[in-house]
1. Anything in region 104-126 that is within 20 Å of PHE211 (Cα to Cα) and away from the ligand (no atom under 16 Å from the Cβ)? List them, or say none.
2. Scan region 300-342 for residues that are under 23 Å from ALA288 (Cβ atoms) and within 16 Å of the ligand (Cβ to nearest atom) and jot them down.
3. Determine whether region 201-219 contains at least one residue that is within 22 Å of the chain's Cα centre (by Cα), aromatic (Phe, Trp, Tyr) and under 20 Å from PRO183 (Cα atoms).
4. Test of understanding: among GLY130, GLY144, GLY161, GLY171, which residue is within 24 Å of PRO416 (Cβ to Cβ), small (Gly, Ala, Ser) and more than 16 Å from the ligand (Cβ to nearest atom)?
5. For ALA21, are the conditions met, namely being away from the ligand (no atom under 16 Å from the Cβ) and surrounded by fewer than 21 Cβ atoms within 10 Å (Cβ to Cβ)?
6. Can you tell me which of (1) of a type outside the set (Val, Ile, Thr); (2) in contact with a strand residue (DSSP E or B) (Cβ under 7 Å, 6 or more places away or on another chain); (3) surrounded by 23 or more Cβ atoms within 10 Å (Cβ to Cβ) is the one GLY144 doesn't meet?
7. Between a residue in region 194-219 that is polar (S, T, N, Q) and any residue that is within 16 Å of the ligand (Cβ to nearest atom), which pairs come within a Cβ distance under 6 Å, given they are 6 or more apart or on different chains?
8. Can you go through ASP532, ASP496 and tell me which one is at pLDDT below 95 and more than 25 Å from the chain's Cα centre (by Cα)?
Amino acid sequence: MTDTALVDAQQAAAATWWRQAAVYQIYPRSFADADGDGLGDLPGIRSRVDYLAELGIDAIWLSPFYPSALADGGYDVADYRDVDPRLGTLADFDELIAALHERGIRVIVDIVPNHTSDRHAWFQEALAAGRGSAARARYLFREGTGESGEEPPTDWESVFGGSSWERVADGQWYFHHFATEQPDLDWDHPEVREDFLKTLRFWSDRGVDGFRIDVAHMLTKDFSEPLPSRAELELIPQDGAHPLLDRDDVHEVYAEWRRVFDEYDPPRTAVAEAWVSTPERRAKYASAAGLGQAFNFDLLEADFDATEFRTVIADNLAQAQASGSSTTWVLSNHDVTRHATRYGLPPLAGRPVKQGTEWVAAGGPPDGVDLDQGARRARAATLLILGLPGSTYLYQGEELGLHEVAEITDGERQDPAFFRGGAYDGLGRDGCRVPLPWTADGASFGFGDAVAHLPQPRWFAQHAVEVEAQDPTSTLSLYREALRLRRLLQTGEQLDWIETGREDVLRFTRPNGWQVVANFGTEPYPLGAPSDAVVLGALLDDAVPGESTVWIAPAQLLG
Ligand code: NOJ
């Protein structure tokens, strides 16, 4: 290869790193606490960079670490261009990113553009400035209904439950999709648009490699009068002209963002969190002229079922190919029940929910959940998605096989969704946000010197990093080995299905001969005589045991 060809190839690789990356999501307040205040922080993450490197991931995604009143775990941002003083400083951020880059780990940060915190300077200004002011025009203020405006403008419900309108002292109401402390911005306002371009440049200039865009499908709205009622709203198709969701005009925003991303070398990447009605609508967010990639949440909504998985995989690969993007695979994140627990629940139709109070047993493991079955299935599902083309998003703690924590009392809970009783029914999302166990003892299992901000159950000890790192059969050892092998085996973005004659077994091969066999059933699947060796997972009497996945690969790929 000539020098120029080599440089070209390196540049191309740098620009497309995200297409098949393993990205590890860090929820900063619950990862590692360096200053002993019970809250995780950036120096805490910095102190665990070796752990991240050893895990073998390509990038981290940092959930919000910005100044916040924590009304929604940091997704209520008071200042988009600073670090929460409880989590560190901008200098700590710079140090962290340098340490990660030195180990070859890229960094994605979370951008929350739909709403600010009610502590944001703009919202404080809007409150002080009064009705009709320029400051209120950055948000969605409206007059109420009823004789003296004492009723909200509409009967719409917020995602977290309760009205999506809140009244301020002078009688006007403002719109919030989520908690009352998260007023929605008006994306028709040029200053709002300008300010986010500034934020994207601010973090890009500091070296971040990409952005995760919070509720990317919600930004633009049509609030022209008369506003529809909730019942009317529900009948409006989400096909690009819905007043609140997934509007076509939101892509004008992302086209502008793309121009900013492309000012950098390599171009900054982005992934949309977009809960939309069809794969075709999702593809718009993933387009190269827009954000470039969009989360595929289909597996969060699928049971542990081979047919469902195959349909999701086939649909998403086809859709990614059509959009020119690559797909993403997600089994857990900070918003859903951990998949080790989910797969121990009886099969659920649709979005997995915690079963109300049914599986909550105070002080003990959740009733009604088969934890061992969940753990087996979680490992099998993870090995399956790590073998797929596209990028995989892993959520902190899943590499330890952590279950959802049920033993949090109502008084200890923090999630506004729990208190407002809206989406994420039942217990809310605190159970997957409990600080990680690093050691088997200590005030907070090595998370820090103080008791952690959410209570850690006693059974966390057996999942501690120091315990699992010593055990070759632990989930941590499995993730490390899988991620190491994945780097060697990862190849072109296609797969070919191999028919197994079994409804509960999926088998496919990648262009280089790497094969993945996932047995969703309980009956062993006899493998016959594969020409290549099983490199990950184990056979029992030449068969893939129930609820497990194996990888088979030609020896030469392993170097
Ligand atoms: C999606 C985030 O993932 C979730 O944690 C948050 O509560 C909402 N967006 C509102 O920002």
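1. Once the filter is applied, which keeps residues that are within 20 Å of PHE211 (Cα to Cα) and away from the ligand (no atom under 16 Å from the Cβ), region 104-126 yields GLY104, ILE105, ARG106, VAL107.
2. Selection gives THR328, VAL330.
3. Scanning region 201-219 turns up no residue that is within 22 Å of the chain's Cα centre (by Cα), aromatic (Phe, Trp, Tyr) and under 20 Å from PRO183 (Cα atoms).
4. That would be GLY144, the only listed residue that is within 24 Å of PRO416 (Cβ to Cβ), small (Gly, Ala, Ser) and more than 16 Å from the ligand (Cβ to nearest atom).
5. So ALA21 fails the test.
6. If we test GLY144 against (1) of a type outside the set (Val, Ile, Thr); (2) in contact with a strand residue (DSSP E or B) (Cβ under 7 Å, 6 or more places away or on another chain); (3) surrounded by 23 or more Cβ atoms within 10 Å (Cβ to Cβ), just (3) comes out false.
7. THR199/TYR80
8. Numbers: ASP496 fails: at pLDDT below 95.
Checking each option against the conditions leaves just ASP532.
The values are calculated or read from the model by the stated rules, or taken from the named source; none is laboratory data. These figures come from a predicted structure and were not determined experimentally. A quick note on method: Cβ atoms are made from the backbone with ideal geometry, for glycine too, and the neighbour counts reach across all protein chains shown. The accessibility values were calculated without ligands, DNA or RNA, using every heavy atom of the protein model including side chains. Shrake-Rupley method; radii C 1.70, N 1.55, O 1.52, S 1.80 Å.
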